[in-house]
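The values are calculated or read from the model by the stated rules, or taken from the named source; none is laboratory data. Model, not experiment: these values are computed from the prediction. Cβ coordinates were reconstructed from backbone atoms using ideal geometry, including for glycine residues, and neighbour counts include every protein chain displayed. We work out accessible area using only protein heavy atoms, side chains counted, and drop any ligands, DNA or RNA first. Shrake-Rupley method; radii C 1.70, N 1.55, O 1.52, S 1.80 Å.
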Amino acid sequence: WSQHEITILVEKPVAISEKQVSALKAAEPKMKANIWVAMEYRFIPAINKLIQHLPEVGEIKKVTIRENRYPFLTKIQEWNKDVDKSGDTLVEKCCHFFDLFRLITGQEMQSCVSKVHRGLLWDHYGYEQRELKEEVVPIIDSAYVLP
């Protein structure tokens, strides 16, 4: 597929490990396809309005994003709750916010730090019924992420 001059819309995240990122970078010079990662938060009407008003605001000093949400939705084969498919729920959710940081500031993120909490919604996802001796619970219920 990458050898054709087509545009491919893919769900995020495209890569969840350094190995996968390296493989994509190695393949990139040979690719003819354009890849568009589904980052739909940038198309939310309120975000579009914010972007329109940025010139009136002046120099951006800091960007803070807070989301209040319901528990994670049930998706096909629960991919968004599988650490091997999504990179964890923090990656699954925060990639939207990282995209917004980039869009709003016009800069690439260099690093980030996060504080997270697991287990607040343990029973909602059925984990109390599993034996989790060494399994990583892929649900991060709350996080504070600093880019």
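Things worth noting here:
- Length released on extending from K32 to E59, taking residue separation times 0.36 nm less the Cα-Cα span: 6.0 nm
- Region 1-47, Cα convex hull volume normalised per residue, Å³: 89
- For T105, T64, the ranking by accessible surface with the largest value first comes to T64, T105, using a 1.4 Å probe.
- In the assembled protein chains, S22 presents an accessible area of approximately 70 Å² (probe radius 1.4 Å).
- Accessible surface of M39, taken over heavy atoms with a 1.4 Å probe and every protein chain present, rounds to 40 Å².
- Accessible-area order (highest first, 1.4 angstrom probe) of the listed residues R102, R66, R42: R66, R102, R42
- Gained length - D82 relative to I47, 0.36 nm times residue gap less alpha-carbon distance: 9.7 nm
- In the context of the full set of protein chains, region 1-50 has a per residue accessible area of 79 Å² (1.4 Å probe).
- Here the label points at Q20 and T105, each 7 Å from Cα along the C-beta direction, are separated by 2.4 nm in the simple model.
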